[in-house]
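Each remark here refers to the structure printed beneath this line.
The values are calculated or read from the model by the stated rules, or taken from the named source; none is laboratory data. All figures in this text were calculated on a predicted structure; none of them were measured in a lab. Neighbour counts run over all protein chains shown; Cβ positions are idealised from the backbone, glycine included.
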Amino acid sequence: MKDLMLSEAGFLALNAGSSSLKVALFPAGGDEPLMTGQADRIGPEGALKLKDQDGEVLENAPGLIDSHTNALAVVIATIKRVFPELRMAAVGHRVVHGGLDYAEPVLVTEEVLAKLADLEPFAPLHQPHNIAGIRAAEEAFPGVPQVACFDTAFHRGQPFVNDTFAIPHRYYEKGVRRYGFHGLSYDYVTSELARIAPHLMQGRVVVAHLGNGASMCAIYRGKSVASSMGFSALDGLPMGTRCGQIDPGVMLYMLDRENLDTAQIRQILYNESGLLGLSGGLSNDMRTLEQADNAQSHRAIDYFVFRVQRELGAMAAVMGGIDALVFCGGIGENSRVVRRRVCERLGWMGIEIDHGKNAENATILSSEFSRTTVMIVNTREDLVIARAARSAAGITEGTDA
Ligand code: ADP
């Protein structure tokens, strides 16, 4: 385990979901976390596991975590026990919605928290938990700067045509807009491209963040110009259990003909659709579906690939072409099958992958004949949060020690 200097500063990155809390503890001068972990199913059966950088279990609390506050208390006790000299310098939080005001991370004040609470109707399943996570951290680390990092921020400069829906304009004025999400991931991928392939940052890049949640983003000269997710985290690509793009007439059908209420429709669209719904309940997990290799799993994977390809074509069209396609997220980084199938028949777009490199999950997947660069970037949302927290504490550079 890494030795810490006396009173070395630590930075905590927190990602509070409805029933989960992901944590990563960073040192002052490095991008590799000293400790990572996650609390799951927070409630009567909530469990929490924390590991050090070598994968050694530091804390295992099965069935004891009934609130986010409780989860944080276990995290803090573990930090104090394992890193007694560490001084918490700042805490960074993933916050799903920053609304119209926040295009970058912000230091949390009571005024900021009030604005974030006003956005709860726009992200009812996430925003209240994000705010609860900030409150719990404020209580746990009094006086320590708390920094909110927004999934919407990366997309704030998008052109009007990608920001609006074609419904009465008063809704746009009320904030019913296409905000786009997964911004922390796109932010990280953009910063990585600037480091390893700066010429691409002058061009037209499509990033496919394919995980349990999935979206795509068109990035022109380093800025988001279109995203597949819109007003909520339901739009765009099909996901593990979320539907992706849908004709609103389907919801009217559910309301009018099936007499479902909004809670039932929400349950279907968020929790019973996507890969799970397409596969007839077989699985929401791409790896399981690939292994199943049957009619149900083919249905789900075929639709997923079709939608990624369709979105890719649309994004290349709005940018007038494409210079790079970047895969990230659990599926994008690991599924050879999905990447191969997405890139099939895209020669017209200048995309040709080297199947050997694809099989190895190499960083550059494109063949020497490919006009368009195809890459994998292992995304690190935790690091984007930690960097924002460092910067709030006046430390700008993280170097890998
Ligand atoms: P989240 O959005 O919850 O952060 P992840 O980015 O971790 O999700 O992605 C989870 C998805 O990645 C799951 O569908 C999982 O099956 C898929 N995945 C992970 N490893 C592989 C693999 N080796 N092959 C295919 N799919 C994989």
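Determine whether segment 154-175 contains at least one residue that is more than 24 Å from ASP302 (Cβ to Cβ) and touching a Cys at 6+ places or on another chain (Cβ under 6 Å).
No, segment 154-175 contains no residue that is more than 24 Å from ASP302 (Cβ to Cβ) and touching a Cys at 6+ places or on another chain (Cβ under 6 Å).
Could you tell me which numbered condition ILE65 fails, if it satisfies all but one of (1) assigned to a strand (DSSP E or B); (2) buried (at least 16 other Cβ atoms within 10 Å of the Cβ)?
Condition (1) is where ILE65 drops out.
Return yes when LEU289 is within 8 Å of the ligand (Cβ to nearest atom), among the hydrophobic types (A, V, I, L, M, F, W, C), part of a helix (DSSP H, G or I) and touching a Gly at 6+ places or on another chain (Cβ under 8 Å) and no when it is not.
Considered against the rule, which asks whether it is within 8 Å of the ligand (Cβ to nearest atom), among the hydrophobic types (A, V, I, L, M, F, W, C), part of a helix (DSSP H, G or I) and touching a Gly at 6+ places or on another chain (Cβ under 8 Å), LEU289 comes out as no.
With crowded, with 21+ Cβ neighbours inside 10 Å and within 16 Å of the ligand (Cβ to nearest atom) as the only criterion, which of SER228, SER224, SER232 stands out?
Details: SER224 fails: within 16 Å of the ligand (Cβ to nearest atom); SER232 fails: crowded, with 21+ Cβ neighbours inside 10 Å.
Checking each option against the conditions leaves just SER228.
Go through ALA148, ALA218, ALA136, ALA166 for me and flag whichever is of a type in the set (A, V, I, L, M, F, W, C) and free of Cβ contacts under 8 Å to residues at least 24 places away in the same chain.
On inspection, the qualifying residue turns out to be ALA166.
Would you check if there is a residue in segment 342-358 being within 25 Å of the chain's Cα centre (by Cα) and of a type in the set (Lys, Arg)?
no
Could you tell me whether segment 339-348 includes any residue that is farther than 20 Å from ARG204 by Cβ, part of a helix (DSSP H, G or I) and either at pLDDT below 95 or within 16 Å of the ligand (Cβ to nearest atom) (or both)?
Checking segment 339-348: at least one residue is farther than 20 Å from ARG204 by Cβ, part of a helix (DSSP H, G or I) and either at pLDDT below 95 or within 16 Å of the ligand (Cβ to nearest atom) (or both).
Looking at this structure, is ASP40 of a type outside the set (A, V, I, L, M, F, W, C) and either closer than 30 Å to PHE154 by Cα or surrounded by 16 or more Cβ atoms within 10 Å (Cβ to Cβ) (or both)?
Details: of a type outside the set (A, V, I, L, M, F, W, C): yes; either closer than 30 Å to PHE154 by Cα or surrounded by 16 or more Cβ atoms within 10 Å (Cβ to Cβ) (or both): yes.
Spelling it out, ASP40 is indeed of a type outside the set (A, V, I, L, M, F, W, C) and either closer than 30 Å to PHE154 by Cα or surrounded by 16 or more Cβ atoms within 10 Å (Cβ to Cβ) (or both).
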